[in-house]
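Written out below as structure tokens is the structure these notes cover.
The values are calculated or read from the model by the stated rules, or taken from the named source; none is laboratory data. These numbers were taken from a predicted model, which means no experiment stands behind them. No Cβ is skipped: glycine too gets one built from the backbone with ideal geometry, and neighbour counts run over all protein chains shown.
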Amino acid sequence: MTTAQKISQEAIYRERTPGSHEAFKRAGEVMPGVAKGAYYYAPYPVTIERAEGCHLYDVDSNEYVDFANHHTTQILGHNHPAVVQAVARQLEQGIAVAAPMGIETALADELCRRVDSLEMVRFCNSGTEATLHAIRLAREYTGRHLIAKFEGGYHGSHDAVEISTSPDPAKAGPADRPVPVASAGGMPPNATDNVVILPFDDEAAVEAIVAEKSDELAAVILDPKTGVIPQRLDFVKAVREITARHSVLLILDEIVGFRASPGGVQTQCGILPDLSTYGKIVGGGFPAGAFGGRRELMSLLDPTQGKARVFQSGSFSAHPVTMAAGLAMLDVLTPDVYTRLDRLTDRLVNGLEDVFARTGTAATVAASGSTFSIYFTEGPVRTYRAVAAADKGPVAAVYLGLLNRGYYLSNGLAMNCLSAAMDETHIDGLVEAVAGTLEEI
């Protein structure tokens with residue numbers, strides 16, 4: 001891809017989106033760049049006016065088929081009637097009352113029904129909070145302080161886990177013995193001291209590192225990277241076996257993976273993690289997080305028998321409107337919905353692979369759990385190092401080219417997803433849009 005080809009896509013984009021450009025400039029006067037970091041891409045993001053089903057409409061009246069779905073959250077699409085009606089009912093009953101309203105119990109019941117490993121659940125406001133509290137529980141329960149996570153795994157924005165999320169491979173050590181690398185500014189210099197890094201897709205290396213550190217490890221936290229760096233189910237099962245063998249707790253991060261099946265990735269694998277963390281779809285489109293697991297671990301949060309050993313609260317934790325939206329979304333997510341999403345995902349993967357072959361493009365699509373990522377490299381992609389080695393050059397032009405054709409993906413072309421509001425025409429349309437963009441650039 002040449003600079004001129006990228007500029008051509010950008011020129012078309014600018015011509016289509018003058019209202020978004022003005023909105024971006026106004027926002028920059030009162031916010032540092034954008035409302036949040038994930039919203040930015042060059043030259044500026046589109047500003048969305050409304051959403052319905054699988055479509056977005058921007059302030060310039062452009063229409064997009066939404067394959068981002070708010071960072072995988074909107075699995076039913078936008079404004080699903082069941083969710084809208086549940087929210088409306090809850091708004092009439094009360095928005096936030098500083099007391100339980102019962103709807104949080106109903107959602108906890110549903111999560112425990114779906115997931116065999118969940119004996120008890122607590123709610124919070126984000127996936128970040130969920131992993132933060134799960135790690136605190138593991139440390140308090142075991143009396144150990146080290147946490148092991150996987151290179152390239154993302155578990156939210158707190159110092160315990162924002163390590164080696166996207167490190168420079170030149171600074172990250174050997175592939176089978178990665179070293180921890182801080183991923184964010186403002187972290188204390190000793191933030192990496194409490195984290196051990198594991199490689200994806202390498203059972204022998206995981207076994208060796210966990211065995212060596214087992215006496216110090218409170219837990220291994222694993223994000224199976226659904227649709228981003230999809231892990232073999234056998235590998236996920238092996239990690240459970242390794243942690244159990246060495247008496248180390250396993251925290252399974254299902255924040256994205258819960259869209260893979262009615263019980264998440266752990267149900268697909270047939271494993272029982274000690275703790276699990278949730279976000280995204282469990283809030284029905286509202287800010288939400290949850291963590292849960294074995295009763296003996298979760299009981300450390302119980303204040304009814306004296307002071308809890310681990311305190312967790314928050315002004316908006318278990319917010320009744322969020323709970324109502326989440327319960328409504330899960331009620332609609334029947335096994336048939338997951339089966340249909342998987343079928344559409346297979347259609348998309350086959351179509352994209354055909355496009356890459358037809359256009360002579362060195363690219364691969366990684367997909368699982370109705371989530372997919374496009375990488376400009378020969379596949380398969382199973383490790384962070386493989387993602388880091390992919391060609392980033394075409395990404396910006398392809399992304400803008402797809403926007404210009406009316407398709408809205410995640411701006412790095414990773415962690416895109418389908419929604420239940422889509423059908424075959426939307427899948428085939430994206431395939432042709434990718435083909436047209438690749439041929440043009």
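Does any residue in segment 1-29 that is surrounded by fewer than 12 Cβ atoms within 10 Å (Cβ to Cβ) come within less than 9 Å, Cβ to Cβ, of a residue that is of a type in the set (Ser, Thr, Tyr) and modelled with pLDDT of 95 or more six or more places away or on a different chain, and which pairs are these?
Between residues of segment 1-29 that are surrounded by fewer than 12 Cβ atoms within 10 Å (Cβ to Cβ) and residues that are of a type in the set (Ser, Thr, Tyr) and modelled with pLDDT of 95 or more, the close pairs are Lys25/Tyr44.
For segment 72-100, which residues satisfy the criterion of being within 20 Å of Asp336 (Cβ to Cβ) and not in a helix (DSSP H, G or I)?
Passing the criteria: Gln74, Ile75, Leu76, Gly77, His80.
Among the candidates Thr128, Thr192, single out the residue that is among the β-branched types (Val, Ile, Thr), touching a residue at least 60 places away in the same chain (Cβ under 8 Å) and touching a strand residue (DSSP E or B) at 6+ places or on another chain (Cβ under 9 Å).
Thr128
Would you be able to say whether some residue in segment 358-368 is closer than 17 Å to Val228 by Cα, out of contact with any His (no Cβ under 6 Å at 6 or more places or on another chain), not in a strand (DSSP E or B) and not hydrophobic (A, V, I, L, M, F, W, C)? Break it down stepwise before answering.
Going residue by residue through segment 358-368, those that are closer than 17 Å to Val228 by Cα are 363-368.
Of the ones still in play, those that are also out of contact with any His (no Cβ under 6 Å at 6 or more places or on another chain) are 363-368.
Those still in the list that are not in a strand (DSSP E or B) too: 363.
Then drop every residue that is not not hydrophobic (A, V, I, L, M, F, W, C), which leaves none.
No, every residue in segment 358-368 fails to be closer than 17 Å to Val228 by Cα, out of contact with any His (no Cβ under 6 Å at 6 or more places or on another chain), not in a strand (DSSP E or B) and not hydrophobic (A, V, I, L, M, F, W, C).
Only residues that are in contact with an Asp or Glu (Cβ under 9 Å, 6 or more places away or on another chain) and of a type outside the set (S, T, N, Q): list them for segment 256-269, please.
Within segment 256-269, Val256, Gly257, Ala260, Gly263, Gly264, Val265, Cys269 meet the criteria.
Residues being in a loop (DSSP other than H, G, I, E, B) and at negative phi: count how many of those fall in segment 129-184.
27
Could you check segment 340-355 and list, in sequence order, the residues that are of a type in the set (Asp, Glu) and closer than 18 Å to Leu402 by Cα? I'd like the intermediate steps shown before the answer.
From segment 340-355, those of a type in the set (Asp, Glu) are 342, 346, 353-354; that's our starting set.
Within segment 340-355, Glu353, Asp354 meet the criteria.
Please state which one of Glu140, Glu162 is touching a Ser or Thr at 6+ places or on another chain (Cβ under 6 Å) and of a type outside the set (A, V, I, L, M, F, W, C). It would help to see each step written out before you state the result.
Working: Glu140 fails: touching a Ser or Thr at 6+ places or on another chain (Cβ under 6 Å).
Among Glu140, Glu162, only Glu162 is touching a Ser or Thr at 6+ places or on another chain (Cβ under 6 Å) and of a type outside the set (A, V, I, L, M, F, W, C).
Please enumerate the residues belonging to segment 30-42 that are over 19 Å from the mean Cα position of the chain (by Cα), within 24 Å of Val398 (Cα to Cα) and either surrounded by 15 or more Cβ atoms within 10 Å (Cβ to Cβ) or β-branched (Val, Ile, Thr) (or both).
If the condition is that a residue be over 19 Å from the mean Cα position of the chain (by Cα), within 24 Å of Val398 (Cα to Cα) and either surrounded by 15 or more Cβ atoms within 10 Å (Cβ to Cβ) or β-branched (Val, Ile, Thr) (or both), then Val34 is the only one that fits.
What number of residues within segment 144-172 are over 20 Å from the mean Cα position of the chain (by Cα), more than 22 Å from Val236 (Cβ to Cβ) and touching a residue at least 12 places away in the same chain (Cβ under 8 Å)?
5
Looking at segment 284-295, is at least one residue touching a residue at least 60 places away in the same chain (Cβ under 8 Å) and in contact with a Pro (Cβ under 8 Å, 6 or more places away or on another chain)?
Looking through segment 284-295, at least one residue is touching a residue at least 60 places away in the same chain (Cβ under 8 Å) and in contact with a Pro (Cβ under 8 Å, 6 or more places away or on another chain).
When you scan segment 198-220, do you find a residue that is under 30 Å from Thr322 (Cα atoms), assigned by TED's automatic domain parsing to the domain that holds Leu132 and in contact (Cβ under 8 Å) with a residue 24 or more places away in the chain, even just one?
yes
Just the residues that are in a loop (DSSP other than H, G, I, E, B) and either on the phi > 0 side of the Ramachandran plot or of a type in the set (Lys, Arg) (or both), please, taken from segment 101-125.
Gly102
Give Gly412, Gly326 a once-over and let me know the one that is within 21 Å of Lys280 (Cα to Cα) and touching a Lys or Arg at 6+ places or on another chain (Cβ under 9 Å).
Gly412
Between a first residue in segment 368-391 that is at positive phi and a second residue that is basic (Lys, Arg) and not in a strand (DSSP E or B), which pairs have beta carbons less than 7 Å apart while being 6 or more apart in sequence or on different chains?
Within 7 Å, the pairs are Gly369/Arg259; Ser370/Arg259.
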